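The values are calculated or read from the model by the stated rules, or taken from the named source; none is laboratory data. Fair warning: this is a prediction, and the values are worked out from it, not measured in the lab. Methodologically, a virtual Cβ is constructed for each residue, glycine included, from the backbone with ideal geometry; neighbour enumeration extends over all protein chains shown. Just the protein is used for accessible areas: all its heavy atoms, side chains included, with ligands, DNA and RNA removed. Shrake-Rupley method; radii C 1.70, N 1.55, O 1.52, S 1.80 Å.
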Amino acid sequence: MLRATLKSLAARKLRLGMSAFAIVLGVAFVVGSYVFTDTIDKTFDDIFGGLSSDVVVRADLPGEAGFFSGFDPGTTTTVPAGLVGEIAGLPGVERADGEVESQSLFVLDTEGEPITTQGAPGVAVNWHDGPTADGSQVLELVDGEVPDGAGEVALDTRTFDRSGYRIGDQVDFVSSGDTPRVSAELVGVVRFGDSGSLAGASLSVFDTATAQQLFLDGRNAFSRVAVTTTDDASATEVRDQVAQVLPDGLESVTGAEVDEQTASAIEEGLSFFNTFLLVFAAIALFVGVFLILNTFSILVAQRSQEMALLRALGAGRRQVTRSVLVEAVVVGLVGSTVGLALGLGVAQLLKVLFGAFGLELGGGLVVLPRTIVVAYAVGVLVTMVAAFVPARRAARVPPVAAMRDDVVLPESSRQTRTGVGSVIIAGGAAAMLVGLFTGVGNAALVVGLGILAVFVGVAMLAPIISVPVIRVLAGWYPKAFGTVGRLARENALRNPRRTAATASALMIGMALVSAISIVGASANATVDRALDDGVRAQFVISNAVGQPFSPDVARQAAQVDGVAETVSVRAAPGQVDGRTVYLQAFDPEAFSRAAELEFVDGDGDLGGGGVLVGEDTAESDGVAVGDEVRLSLPGSDETVPVVGVYTQSPVLSGGYVVSQQTLAEGAVPPVDSLVYVVTEDGADPAAVQNGLDEATADVPTVTVQDQEAYKQQSRDQVNQLLSLVYALLGLAVLIAILGIVNTLALSVMERTREVGLLRAVGLSRRQLRRTVRLESIVIAVLGAVLGVALGVVFGIALQQAVSGQGLEVLALPAGRLAVFVVLAGVVGVLAAVWPARRAAKLDVLRAITTE
Amino acid sequence: MTELDSQSRAARTVDLAKVYGKGDTQVVALGGVTVDFASGQFTAIMGPSGSGKSTLMHCMAALDSVTRGEVYIGETELTRLGDAALTRLRRDEIGFVFQAFNLVPTLSARENITLPLDIAGRDVDPGWFDTVVSTVGLSDRLGHKPSELSGGQQQRVACARALVSKPSIVFADEPTGNLDSRSGTEVLSFLRRSVREYGQTIVMVTHDPGAAAYADRVLFLGDGLIVDEMADPTADRVLERMKGFDGLQHTAQAS
């Protein structure tokens, strides 16, 4: 039996190869995601692990510090210089080195443009030669000398290479400190760690006094203390000993603990990225299931006589089922293996792409055993699941069919199909509603499974739905194309199950693309309306990726002719009643002149150190005006009153708001994340824009935008994200196209004699190709129509679910959705090219005489 | 064999040869056949399996390429035509009736009958259509799909399709091979009538002496050559001739 199975497998290499291709793509995506994120993970671990000294003294921040901290302002809490000496004198301590660090000193190249990759921090530190826990040096001088004295700086090797500076040149920086523009003479080049890679960040090194001057307002203090223990002391003992001499607001941790926190923060940061990629891999595999299911169904149908013969010769049902499943396993294994190899290619490609954007990943690709196991498990399992239904059907072929010419495979009844399909749709819809509109935990997973169930249910009903839809879609064929059109329409209708399964694969991709485009269009429309209605300021100053900048920018802007006032908005992470939140800080009175701010309850008087909160957040957190909340910031931990509840808008998405005074008292450095510029009545916009551009010329990390440009920027961001998602969903669409190709090719083979007959009675090759093409178009458009219809439902549901959180306006991009349907038609034409050519090439005589 | 003038000649071949394979595996299917088919005549081609009768028909009907020689349908020489021209020729000048699988399963009987005209974009002559359809006795079955018709009815639809475009010549390949004797008789009678009443030219390949008896002339093929012909055949005479033929072949195989 096994031998017979393998032989028939070899005989249908091509058809199976095409269905294996779906597995290949899906597995490649899974493998690519894992390998790539593992590689980043290892790179970051290599770069940022093992940098700490035996014991570290640092500010005690509320909550865990995130790894990608370039967007956070950090803290102004410092370690006084005197304490460093005290720690150095403790038993078990060999030496203690004070460290000064900033995350936002951006190096400008010789053209005056920032060097760092967008979003990566500009790190600056003071030079010292204290060792790490394993006794090595973090920084090694490779050229020039160590910076010594004001006005001297050393750069890391990568930044130096990219900057175009030579030793002795004057290097310019942009700082988020009070003085935004800094300049120093380049005296040396240092290498960071073993590889020199900083994952896109830059590193500038000053002597201690200069660093204190630049980042700590000249105070003789440190951001951190690196403690080195004597050989006979343990790190934990020293840690506890040091802790006893520390004042409130500082903590003492071992280097091992720091490494652990760093590693888990890296992993957390990457897990989102990994999940994001895996979701698309899952979509691709899900679509692949349809392709495989369809291919196996057709193959089983074509071989039903062979199966019946086997049954007649005494093979049991189970043997027949097994023979189909064995084929599936072989296809799955082959597909997984090729997918694994292709996945490594995908990961390598991503690595090169990231390198091109300045994020070099050192070392080779990381292939964990887990990746290989998952690749095969997923590939084989998915194939077997997809082949199960056809395998069961194969076993139901009655032995007598071997003797008959026309075998009709037993199929489940329409009623069963309709019933089961409807129940699954209802269940999926219910899951979606629960996930979207109730506060159930793990909502994304519930919604995802709901959508999945709806897809399966619709696919089950598709053979029934598709018949009338095809009659409409292809209704004009006979009129426009005569007999060729009628043949195409009837071919699309002759096996609704096959047509529907093929179209369903495309439907899934199309539904997701449509839903995403509705969400995207709604986001754009919401932002547009928010800016039209909600922002009164004429200009906005911001950093393209949201990194904070010097408060001096707002001061300079306020001096520009025609500017009435500037309103700065600051942001910092903190905790409210133990929940980590993103706080915003501004003067509510001034803010209400720059943007919409209305109160449902209370008012905006933050003079007493209170907080404001948005309407929805107030409800979900169970707080109201007059309540007290516990507010934790890097340097403070106090109980404060809620003084106002405001109506949220896309400008103000509903979080907690404090005064800038409160932030400063909480040891958050005074850096702005956004500045609104309100002009005087009658001021010339162009002149003000010019003035603002000039005033901010020293700080190339920020841009001045009028409302229109600001809208465009936010639209561009949304569209960029959309393009990325489209590209990833393109994979699912590609697999669906392969499905159409496969189905058509198999159908053409199945209809060999019919094709021969048509050619014998005078159908030309061109007419034959057109017949196949028209059938392909109607399948593709059917998939697109079903997909867009579902996508509209999904999109509206998603928009409704998050309408309170910044997606108030529903926009249906009708034009774009129509384009999708038209593109599907084009897809149909493309998918038909090869099957049509095959059909046209059939030898007429052989086609007729084929048995 | 009598020479015919060009007006009364529907098709002819000159030294037609067809060789399959090359070198040692070479098989000569037709060894150089020269034959004329008169207009308005019903010709049966007979011969044992492997005698080349099907190959002769396929080559004449522009379904297969030839190795040597010439094939004429009317005055058109086929062997030098490209695929497009051959397709047009099959569509406009030739009618086909095959042994099985004659109909497109997705089209109704009516649509199958008018298929060659529809493909060509030509109008159906309603009078002629009605004549043909009533002759084959299908007037009440026109809306049915082939799967709803009996084998005999399917072959009659095929015959109607072959005639409705008024081709110069109809080729029928074992048209009764899959039918019971009553259905077979119906189909043959219909072919006979179309020759007698409408002057249709028909060439039919068969191995059934009873079927051959409906023809005006029978050609006997053996080993790729025409070995005999018979005018106004009867079933008995054809059977007699075939017996001798069988014996001849058995002798040839034995030697």
Next on the checklist: If amide hydrogens are placed 1.01 Å from N in the peptide plane, which non-local residues have theirs closer than 5 Å to the one on B:GLY137?
Outcome noted: none
Next on the checklist: I'd like the mean, over residues of B:100-108, of how many other protein chain beta carbons sit within 10 Å of each residue's own Cβ.
Outcome noted: 6
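Between the DSSP loop rule and a limit of at most 15 other Cβ atoms within 10 Å, which GluC sites (Glu not before Pro) in segment B:38-133 are left?
B:GLU75
Show that you can apply the helix-only estimate: for chain A, add -39,500 (n - 2.57) for every DSSP H stretch of four or more residues, divide by all residues, and state [θ] at 222 nm to the nearest 500.
Taken over chain A, the calculation gives -19000 deg cm²/dmol.
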Checklist entry - How far apart, in nm, are the 7 Å Cα→Cβ label points at A:GLU251 and A:LEU349? => result 4.3 nm
Checklist outcome for this item: Between the modelled labels at A:ILE372 and A:GLN415 (7 Å from Cα along Cα→Cβ) the distance in nm is 5.3 nm
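If you take the accessible area of A alone plus B alone and subtract the pair, what total do you get in square angstrom, rounded to 100, with a 1.4 Å probe?
2100 Å²
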Checklist entry - Just from its helices, what would the mean residue ellipticity at 222 nm be for chain B, if runs of 4 or more DSSP H residues each count -39500 (n - 2.57) and the sum is divided by every residue, rounded to the nearest 500 deg cm²/dmol? => result -11500 deg cm²/dmol
Next on the checklist: Could you tell me the relative contact order of segment A:264-376? Use alpha-carbon pairs under 8 Å, at least six residues apart, and round to a whole percent.
Outcome noted: 19 percent
Checklist outcome for this item: Among B:GLN200, B:GLN26, B:GLN99, the residue with the largest mean-square fluctuation in a Gaussian network model of chain B built from Cα contacts under 10 Å is B:GLN26
Checklist outcome for this item: the protein assembly as shown: antiparallel bridges as % of DSSP beta bridges, rounded to 5, reads 75 percent
Next on the checklist: Under 8 Å for C-alpha pairs, at least 6 residues apart: give me the relative contact order for chain B, rounded to a whole percent.
Outcome noted: 26 percent
Checklist entry - Averaged over A:489-501, how many beta carbons belonging to a partner chain fall within 10 Å of each residue's beta carbon? => result 1
Checklist outcome for this item: Here segment B:217-234 yields Karplus 3J(HN,Hα) values (6.51, -1.76, 1.60; θ = phi - 60°; whole Hz; Gly and Pro given as x) of 8, 10, 9, 9, 10, x, 6, x, 9, 6, 9, 6, 8, 9, 9, 6, x, 10
Next on the checklist: I need the peptides B:48-54, A:136-142, A:657-663 ranked by packing, meaning the mean over residues of other C-beta atoms within 10 angstrom, with the highest value on top.
Outcome noted: A:657-663, B:48-54, A:136-142
Item to check | Protection proxy ranking of A:189-200, A:266-277, A:735-746 - average other beta-carbon atoms within 10 Å, highest first | outcome: A:735-746, A:189-200, A:266-277
Checklist outcome for this item: Taking a crude spin-label model, label points 7 Å out from Cα along the C-beta direction, the B:VAL124 to A:ARG392 distance in nm is 4.5 nm
Checklist entry - For the protein assembly as shown, what is the accessible area per residue in Å², given a 1.4 Å probe and the full set of protein chains? => result 42 Å²
Next on the checklist: What are the ³J(HN,Hα) couplings of segment A:595-601, residue after residue, when phi is run through the Karplus curve with 6.51, -1.76, 1.60 and θ = phi - 60°? Round to Hz, x for glycine and proline.
Outcome noted: 8, 5, 8, 10, 9, 7, 7
Item to check | Other protein chain Cβ atoms within 10 Å, averaged over every residue that makes up B:115-128 | outcome: 3
Next on the checklist: What do you get for the angle between helix A:814-841 and the principal long axis of chain A? Use alpha-carbon atoms, 0 to 90 degrees, nearest ten.
Outcome noted: 50 degrees
Checklist entry - Under 5 Å between amide H atoms, partner at least 5 residues away or on a different chain: which partners does B:VAL97 have, H built in plane at 1.01 Å? => result B:PHE171, B:ALA172, B:ASP173
Next on the checklist: Under 8 Å for C-alpha pairs, at least 6 residues apart: give me the relative contact order for chain A, rounded to a whole percent.
Outcome noted: 17 percent
Checklist entry - Using the Karplus equation 6.51 cos²θ - 1.76 cosθ + 1.60 (θ = phi - 60°), what ³J(HN,Hα) coupling, rounded to whole Hz, does each residue of segment A:335-345 give in order, writing x for Gly and Pro? => result x, 5, 5, 5, x, 4, 5, 5, x, 5, x
Checklist entry - Counting every Cα pair in chain A, what percent are over 37 Å apart? => result 56 percent
Checklist outcome for this item: Full extension between A:ALA81 and A:LEU810 adds, at 0.36 nm per residue less the Cα distance, a length in nm of 256.7 nm
Checklist entry - Whose amide H sits under 5 Å from the amide H of B:LYS18, counting only residues 5 or more places off or on another chain, with H placed in the peptide plane? => result B:ALA29, B:LEU30, B:GLY31, B:GLY32, B:THR67
Checklist entry - Roughly what % of DSSP beta bridges within segment A:109-188 run antiparallel, to the nearest 5? => result 65 percent
Item to check | Protein-protein interface of segment A:757-805, residues with accessible area decrease of at least 50 Å², isolated chain reference, 1.4 Å probe | outcome: A:LEU757, A:ALA760, A:VAL761, A:GLY762
Checklist entry - Considering only segment A:76-221, what is the antiparallel percent among its DSSP beta bridges, to the nearest 5? => result 65 percent
Checklist entry - Counting only the backbone N, which residues of segment A:576-617 are under 16 Å from the spot 7 Å out from the Cα of A:ARG529 toward its beta-carbon? => result A:596
Checklist entry - In whole Å, what is the distance between the alpha-carbon centres of segment A:101-134 and segment A:205-249? => result 20 Å
Checklist entry - How big is Rg to Rh over chain B, alpha-carbon atoms, Rh as the Kirkwood inverse-mean-distance radius? => result 0.97
Item to check | GNM flexibility winner over chain B from B:PRO105, B:PRO209, B:PRO233 (Cα, springs under 10 Å) | outcome: B:PRO105
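Taking all protein chains as present, what is the carbon and sulfur share of the accessible area of chain B, in % to the nearest whole number, probe 1.4 Å?
48 percent
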Checklist entry - Total Lys pairs in the protein assembly as shown closer than 26 Å by alpha-carbon, pairs eight or more apart in sequence or interchain only? => result 12
